[in-house]
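**Q** If you scroll down you'll find the structure; I have some questions about it.
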Amino acid sequence: MNLENSWLPSQSKRLVGNARRISLLLVLISLHLVGEPRGSAQTPAKKNILILNEVGPSHALTKIVAQELFTGVPDTPGRHVEIYSESFDMLSFPDSLSPSELQESLVKQYGRQKFDVVVAVGPDTIKFLGEHAQSLFVNVPIVICGSSADQAGHPKLDSRFTGTWQKLESTKTMEVALRLFPATRHVFIVGGTSDFDRTVMSLTRNSMSSFAANADIVYLTDMAMGELLEKLQNLPENSVVLYVSLFQDTAGHSFLNATKALPMVASAVNVPVFGMSDTYLGRGIVGGDLMNFQEQGNVTARIVSELLDGKRVEDLPIRTLPGMFMFDWNELKRWHIPESRLPSGSIILFREPSLWERTKWIWTTGLLIILGLSALAAYLQHAGKQLKLAREREGHLSGMLINAEEKERQRIASELHDDYSQRLAVLALGLENVDEATPASVPDVHKQLRELVKSTSELGADLHTLSHQLHSSTLESLGLVPALAALCKEFTDQQDIKVEFTSDEIPRSIQPESALCIFRIVQEGLRNLKKHSGVGKAEVHLRMTRGTLALTLRDEGSGFDLKSLRHNEGIGIRSMEERARSLGGKFEIHSQFGKGTTLKAWVPAKPDPGLVKS
């Protein structure tokens, strides 16, 4: 962005310094916000905008309008925007330049520069350009802002002017002040001595006459700042202050109206302060019907953009923006003013976030976590139910398989005992009869027949043993303890491994299913002992504990690694475990290399009928 400010006469060095400062500031802002035009096949058209301010860069109005223009009128693919800015600073240096000198300097500085839009900020700037429209910026659209028509003296503006006026309505501010503080008896109106201050104060005086009957109205003007502050420190009760404008006091001291003078006034008083402009909010006023310069700057930026896009000035007539009821949340709290008493549609600024607003992300995150955990818990509960159901179905199936196995064992044992054993007995008897009928002269035949009788008898005994293993008739007829004792004795006799059986007061009335389960576990355990333990003796102990049959089968053999058992678990071990679990019991194996193996099983003496049925 290009800027030149050597146009002012040498006698106005202070003005030149201010102009340079604002120019440099705005150049930096524009370079940051507008940016360099992006490279393209076709160079964008250059659009030049000139901002003329009547106040320096430190004033709130200058900052607001400049910022809105820089952000609201950006570069586009079809245009590159250059923004220039000059400040007359008429409020700080009212006598530095006469109107004719100012006109001459502007022509000298910008006479050869082509501008697409000129933005006039402030009443004196608007008035000056209106009076010199025939010689300054000929055929260039001029957008006005930062003033009310009353402040500018209702200037006659030709067809090149567009933009917005503010509406200065101090009566509405006073009405809301008295509405919020109905006990008010004194109204103190504060103003300065600059031309701007006196103009606004004059407009305010003309509108205050209607309130004279409700309160004592006192004008605190034509005073030095020290005297004013001393006066404000001793205001009577039931008073309010209306701050109008204070750019200069009677001692000739200049002030930044919104950012310096107003905070000094607000800190001195002990009563509510009301104001006229949104630039006063956050600096000590409660609020009021305020000129909204922020909104006016936004509208000005839109108008400038439309003009740069080719819209005609004639299609953009000057309009007046109404004031807006705006309030400072901190001042409302300070003076205990409930929001319900404010005019409808009021805007409240600087509102401190509520506890909910400050912590809602925490609550929201916590709620999401809770919902997530609840969903996970529901899923796990559902999965648990499905797993339980699957286990129940597995147990039911295991019970059915075990029952089917027992029935098949019983059937085979019955056939072996009732059929094959009988037939072998008949065969043995027939062979004996043949042996007796054979003549003694054939000794070889007698010998062969006796061997056949012996083999047939042994085969019958083996079938009897096999039948007993498949289905113990002793278990059915005599009960669990005698059946186990017979099983251990038979195992000792046949396998040459001494098995010592002991029991502790086991009642005979054990449910058949439980008795059969214990019997089969002992039977399978002894079979595994013979295969793997390599010992010559073992112990089997059975006891009753609180309605549960507790079985222990122990040997001191070679033992094994339980970890390897998980990967190489045989059918026999799985069968023992499933038998116990099918009746609601438990089964365990404890073993170590060189320290033997212990099998333990716990089976209810009277299992759940539902389990027995399965």
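Every read-out reported here was derived from the displayed coordinates using simple, explicitly stated rules and does not represent laboratory data. This one's a predicted model, so the numbers in the text were calculated from it and none came from an experiment. Counting neighbours? That spans all protein chains shown, and the Cβs are built from the backbone with ideal geometry, glycine included.
**Q** Length gain on complete extension for the stretch HIS532 to THR76, per 0.36 nm per residue less the alpha carbon to alpha carbon distance?
**A** 155.1 nm
**Q** While we're looking at this one, here's another question. In what order do ARG579, ARG527 fall by count of nearby beta-carbon atoms within 10 Å, going from fewest to most?
**A** In order of increasing Cβ crowding within 10 Å: ARG527, ARG579.
**Q** Sticking with this one: Put a dot 7 Å past each Cα toward the Cβ at SER455 and TRP335; how far apart are the dots in nm?
**A** 12.7
**Q** At a 10 Å Cβ-Cβ cut-off, how would you order HIS59, HIS590, HIS336, HIS532, fewest neighbours first?
**A** HIS336, HIS590, HIS532, HIS59
**Q** Within the range 137-160, name every residue whose backbone N is under 19 Å away from a label modeled 7 Å from Cα of THR320 along the Cβ vector.
**A** Correct set: 144-158.
**Q** Simple spin-label model, 7 Å along Cα-to-Cβ: ARG546 to LEU478 in nm?
**A** 3.3
**Q** Near LYS360, which lysines are there with a Cα under 20 Å away, not counting those fewer than 8 places off in the same chain?
**A** Reachable lysines: none.
**Q** Another one. Would you mind calculating the gained length between ILE217 and THR365 on full extension (0.36 nm times residue separation, minus the Cα-Cα distance), in nm to one decimal? Please report the intermediate quantities before stating the final value.
**A** Details: separation 148, 0.36 × 148 = 53.28 nm, distance 5.56 nm.
That pair, ILE217 and THR365, stretches by 47.7 nm at full extension.
**Q** Taking loop as defined by DSSP and a crowding limit of 14 other beta carbons within 10 Å, which trypsin sites (Lys or Arg not before Pro) in the range 157-262 fit?
**A** Taking the range 157-262 and a limit of 14 other Cβ atoms within 10 Å, the loop trypsin sites (Lys or Arg not before Pro) found are ARG185.
**Q** Still on this model: Just rank SER575, SER148, fewest to most, by other beta-carbon atoms within 10 angstrom.
**A** SER575, SER148
**Q** Could you size up the charge dipole of the range 478-614 around its Cα centre, putting +1 on the beta carbon of Lys and Arg and -1 on that of Asp and Glu, and report it in debye to the nearest 20?
**A** Charge dipole of the range 478-614: 280 debye, to the nearest 20.
**Q** Using a cut-off of 15 Å between beta-carbons, work out the net charge of the residues near LEU235 (Lys and Arg +1, Asp and Glu -1, LEU235 not included). Present the calculation step by step, with values, prior to reporting the outcome.
**A** Values: positive: ARG185, LYS231; negative: ASP216, GLU227, GLU230, GLU237.
After counting each charged neighbour, the total is -2.
**Q** Next question, about the same structure. Give the peptides 292-304, 75-87, 486-498 in descending order of average Cβ contacts within 10 Å, highest first.
**A** Working: 292-304: 21.5, 75-87: 19.9, 486-498: 15.5.
So the peptides 292-304, 75-87, 486-498, ranked by packing, come out 292-304, 75-87, 486-498.
**Q** Which of rounded, prolate, oblate describes the range 478-614, given a ≥ b ≥ c as roots of the alpha-carbon gyration tensor eigenvalues and a/c under 1.5 marking rounded, otherwise prolate only if a/b is larger than b/c? Mind showing how you got there, number by number?
**A** On the way: a/c = 2.01, a/b = 1.29, b/c = 1.55.
It comes out oblate by the Cα gyration axes.
**Q** Another one. May I ask what percent, to the nearest 5, of DSSP beta bridges between residues of the range 143-289 are antiparallel?
**A** DSSP beta bridges in the range 143-289 are roughly 5 percent antiparallel.
**Q** Next question. So how do 536-544, 374-382 stack up, highest first, on mean other-Cβ count within 10 Å?
**A** Highest-to-lowest ranking by the protection proxy: 536-544, 374-382.
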